[in-house]
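Presented below is the structure to which this report refers.
The values are calculated or read from the model by the stated rules, or taken from the named source; none is laboratory data. These numbers come from a predicted model, not from an experiment. Please note: Cβ atoms are built from the backbone with ideal geometry, for glycine as well, and neighbour counts cover all protein chains shown. Surface accessibility is based on the protein's heavy atoms, side chains included, excluding ligands, DNA and RNA. Shrake-Rupley method; radii C 1.70, N 1.55, O 1.52, S 1.80 Å.
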Amino acid sequence: MQSASAPPPSNRSPLLTPIRRRSFAGLAGAAAAATLAGCASEDTSKDLNTLRVWGGVPPESGPQTLVDHFMEKHPDQHVTYTRFVNDDRGNLKLNTALQGGVDIDVFFTYDPANLAMRSGSGMASDVSDLVRSTPEFEPFLDTNEPKALFDGEAITALATTKEPNFLLLNESMRDEAGISLPEAWKLDEYLEAVRELAGPERYGTYKLPDLPRIELGPNYWYTEDGGSNFEHPAFLRHFDLTAQMIREGQIFPWSQVLARQIEAYQQNNFIAGDFAVWGTAPFSLRYLNDPENYPHDFLTSCAPMPTIDGAGWNSGVYGNHIQINAKSPKQEIAREFVKFWLLEGAADMAPGGKIPALDNVDPGIQLEGILGEDMESYFDVASFRHTLFDNGPKLLTDTNLTAVAEITHTYEQQRDVCWLLERTPERAITTIHADADALIERFRED
């Protein structure tokens, strides 16, 4: 999962639980019909000489360079890259375009709900033959640490990146508070640092990391038999601790987070000094080495996520899944493009903060790519090297996506009213658990 709410250990095979076809209809619904009219106005003719790729990363952050390199290798092949904003509206546009037959050959999926939807509704081609015939793709066959999306023997999505989560610290604030920069720390140490960094004019952080994820690991929303796992004490502790720290002024009031859309624009508040510790992922680093659009006068350091009672799962994932449109008539060249993106083109994506899933780019090149050529001017480089490469974050992939979109909705709804301090953590978690159990049971019956 890529968000703070994502699905944990199941007794099912580590291969993906067969995806429910009904999830697409449940998410698209009436809203898709409204958008479809707009998509239908686009040119839906199939230009067999042009490969059309849709992704959420700005073209200037790597994709356009990669596309240019692909066309240099295949001079008879034209490729266009279209960016869709990776938010609800952008994903709805892509979903309805795919459903409506718009000329899209390769596309990217960034969150588990859309991954389940697009694969489960037959939008994505089976690329298992490509994986099994490419020696470099052997890691995608690993079912103990999955990097591909399986549905039985079919493979419908390949992770292109490692997306570790980590903590960024405002070095000026850290120095002022006299806090040591940790190479590893336990939850109590991290919470104490957040409290010490909070002050009259700033908060310690805007939100805690997904603590249940760090403690429980993959598929953490589900029990071993596939039911709801929200009765696990980790979830109540997380809601309760967050509510307490909001009351004490150490974490942003959730009313401000929602009203100011801080979850969507976290970089603005970190750069403005509104909070001292920022839990994020590599893609955010591009804001911190862009003095023209995001000017600031402090260095940024990096620390790993805290461990909890000896458990040290990183809440990040293998992500940015690349998929081929099952309706594309350009399957052969689309497979060549997917192969190029994952292998020869991997280094081109470093400026967008993308660490390749296949570990096929030298860490030194990756570090310079994600931090920028003038990295010493903006970052404590040694701390990034340790956290991202020397320390080896323990990443995960969820393999149980049962009702994930619907569970995400109820989780976020109850989280919001809890952290607005309008509902007790106990009542919020009880509601999530009951709703999740009902949703899972409904999907099982189908």
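Couple of notes before you dig in:
- Tail weight of P(r) past 17 Å, computed on alpha-carbon pairs of the stretch 196-301, percent: 61 percent
- Under 5 Å, built H, 5+ apart or other chain: amide partners of L51: H78, V79, T80
- ³J(HN,Hα) computed for each position of the stretch 395-409 - Karplus, 6.51 cos²θ - 1.76 cosθ + 1.60, integer Hz, glycine/proline x: 7, 9, 9, 6, 10, 10, 10, 4, 6, 4, 5, 5, 5, 4, 4
- One quarter of the surface of the convex hull around the alpha-carbon atoms of the stretch 111-237 equals 11.6 nm², the direction-averaged projected area.
- For the chain, the convex hull drawn through the C-alpha positions has a volume of 142 cubic angstrom per residue.
- Size descriptors for the stretch 288-337, from the alpha-carbon set: Rg then Dmax equal 20.4, 52 Å.
- Dimensions of the stretch 57-101 based on its C-alpha atoms, expressed as ranges along the principal axes with the largest first, amount to 34, 25, 7 Å.
- Extents of the stretch 207-256, largest first, come to 39, 16, 16 Å (Cα atoms, principal axes, whole angstrom).
- Two-decimal Rg/Rh across the stretch 75-120, once Rg and the Kirkwood Rh are taken from alpha-carbon atoms: 1.00
- Charge-dipole axis of the stretch 76-158 as Lys and Arg at +1 and Asp and Glu at -1 on Cβ define it, positive-most pick from S128, V106, A157: V106
- When the alpha carbon gyration tensor of the stretch 268-425 is reduced to an equivalent ellipsoid, its three semi-axes come out at 29, 27, 17 angstrom, largest first.
- The lysines within cross-link reach of K330, meaning a Cα-to-Cα straight distance under 19 Å and a gap of 8 or more places when in the same chain, are K46, K73, K339.
- Label-point gap, in nm, between D240 and D297 - each point 7 angstrom along Cα→Cβ: 4.4 nm
- Average accessible surface for the chain: 41 Å² per residue, computed with a 1.4 Å probe over protein heavy atoms with every protein chain in place.
- Computed on the Cα atoms alone, the convex hull of the stretch 335-446 gives a volume of 177 cubic angstrom per residue.
- The phi torsions of the stretch 266-278, fed into the Karplus equation with coefficients 6.51, -1.76 and 1.60 and a -60° offset, translate into couplings of 4, 4, 5, 6, 5, 5, 6, x, 6, 8, 9, 10, 10 Hz, rounded to whole numbers, with Gly and Pro shown as x.
- The stretch 163-258, Cα convex hull volume normalised per residue, Å³: 133 Å³
- Amide H contacts of H321 (H built 1.01 Å from N, under 5 Å, at least 5 apart or other chain): T109, T160
- Between L258 and D390, the modelled label-to-label distance comes to 4.3 nm, taking each label 7 Å out from Cα in the direction of the beta carbon.
- Cα-Cα pairs of the stretch 87-185 separated by more than 24 Å (percent): 44 percent
- Ordering of 268-278, 172-182 by packing [mean C-beta count within 10 Å, highest first]: 268-278, 172-182
- Rolling a 1.4 Å probe over the protein heavy atoms of the chain, with every protein chain left in place, gives an accessible area that is 47 percent carbon and sulfur.
- Near K147, the amide H atoms lying under 5 Å from its own belong to D142; only residues 5 or more places off or on other chains count, and H is placed 1.01 Å from N.
- Based on alpha-carbon atoms, the Kirkwood radius and the radius of gyration of the stretch 310-359 give Rg/Rh equal to 1.11.
- For D225, the solvent-accessible surface with a 1.4 Å probe is about 110 Å², rounded to the nearest 10.
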